[in-house]
1. Would you check if there is a residue in the stretch 89-97 being surrounded by 13 or more Cβ atoms within 10 Å (Cβ to Cβ) and closer than 16 Å to residue 135 by Cβ?
2. When you scan the stretch 31-44, how many residues do you find that are surrounded by 14 or more Cβ atoms within 10 Å (Cβ to Cβ) and either part of a loop (DSSP other than H, G, I, E, B) or modelled with pLDDT of 80 or more (or both)?
3. Among the numbered conditions (1) under 17 Å from residue 128 (Cβ atoms); (2) at pLDDT 85 or above; (3) not small (Gly, Ala, Ser), tell me where residue 49 comes up short.
4. Return a yes/no flag: does the stretch 62-76 have any residue that is among the small types (Gly, Ala, Ser) and assigned to a helix (DSSP H, G or I).
5. Quick one: how many residues across the stretch 81-94 are in a loop (DSSP other than H, G, I, E, B) and either touching a residue at least 40 places away in the same chain (Cβ under 8 Å) or among the small types (Gly, Ala, Ser) (or both)?
6. Among 62, 78, 54, which is under 17 Å from residue 129 (Cβ atoms), out of contact with any Phe, Trp or Tyr (no Cβ under 8 Å at 6 or more places or on another chain) and either at pLDDT 90 or above or surrounded by fewer than 17 Cβ atoms within 10 Å (Cβ to Cβ) (or both)?
Amino acid sequence: MKKSVSFDYSGRVALITGGADGIGRATALAFAESGANVAAPYTASKHGVIGLTKTAALEYAKCDIRVNAVCPGFIGTKLLEGVGITPANEIGQTIAGMHPLGRFGTAEEIAGVVLWLCSDQASFVTGHALLADGGYTAQ
């Protein structure tokens, strides 16, 4: 029987399950890899998520628990819509244009990344901050 524990890394839930199938997940936006000149506290908190992810990966490796972070770019969600940002309006188009792929990501795409991290194909991946940002940080 698997045991699970929830950790809260900067307001996001990291799911940890025990045993050889153990995985952990935290979320840090792409700012954690690149930084932003107008969002110092936010960016610093995302760097902290990556540091906590790496530390937790080292601490839980002996228990066969993997801990990784997902760093998404801008994802089209109701949260963005709630502050007036949509792919169709001017600010949304500007943000989409900041990504080499030229669009917002989708929640389904990020779910696919998390699903992969939870799969056997990623069984040797731990302590990693996986960028899923449409190429934003490759620039």
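The values are calculated or read from the model by the stated rules, or taken from the named source; none is laboratory data. Please read these numbers as outputs of a predicted model, since none were measured by experiment. Cβ placement follows ideal geometry from the backbone for every residue including glycine, while neighbour counts extend to all protein chains displayed.
1. yes
2. Looking only at that region, the number is 1.
3. Residue 49 satisfies all of (1) under 17 Å from residue 128 (Cβ atoms); (2) at pLDDT 85 or above; (3) not small (Gly, Ala, Ser) except (2).
4. No: the stretch 62-76 contains no residue that is among the small types (Gly, Ala, Ser) and assigned to a helix (DSSP H, G or I).
5. 2
6. Matching residue, one of 62, 78, 54: 54.
One line per residue, one yes/no per condition, for (1) under 12 Å from the mean Cα position of the chain (by Cα); (2) part of a helix (DSSP H, G or I):
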| position | (1), (2) |
| --- | --- |
| 96 | no, yes |
| 101 | no, no |
| 108 | no, yes |
| 113 | yes, yes |
| 117 | yes, yes |
| 125 | no, no |
| 130 | yes, no |
